[in-house]
Amino acid sequence: VRDSDGEFLLAEAAMHIPHWITPENSEHRVYIYRNQLHIVPLSAGSENIGINDALAAVMDSGVFTLASAPAAAAAFSRLDE
């Protein structure tokens, strides 16, 4: 999800997201699914995961993608404005 500044969900949650997320590997890794923030882990595919593999990971109950509560709260605070 982006605004005019770019990928604002990551920017808003920067203090709470995993440290391995970088601008180089964040594409196709952050999703809102069933009203919750999800971050696709590196273990779900290559560093530059494709969108189909990333979406499959989010919908796969065997892959833990749910973001931490603090990350979700920080990211969604911008949406509430």
Roughly speaking, what is the stretch gain from Leu66 to Glu24, that is 0.36 nm per residue apart minus the C-alpha to C-alpha distance, in nm to one decimal?
-> 13.0 nm
If you take the square roots of the eigenvalues of the alpha-carbon gyration tensor of the range 4-67 and sort them as a ≥ b ≥ c, do you get rounded (a/c under 1.5), prolate (a/b over b/c) or oblate?
-> prolate
Stretch Ala56-Ile32 to full length: gain in nm at 0.36 nm per residue minus the Cα-Cα span?
-> 7.3 nm
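Just so you know, all these numbers are worked out from the coordinates, no wet-lab data involved. Fair warning: this is a prediction, and the values are worked out from it, not measured in the lab.
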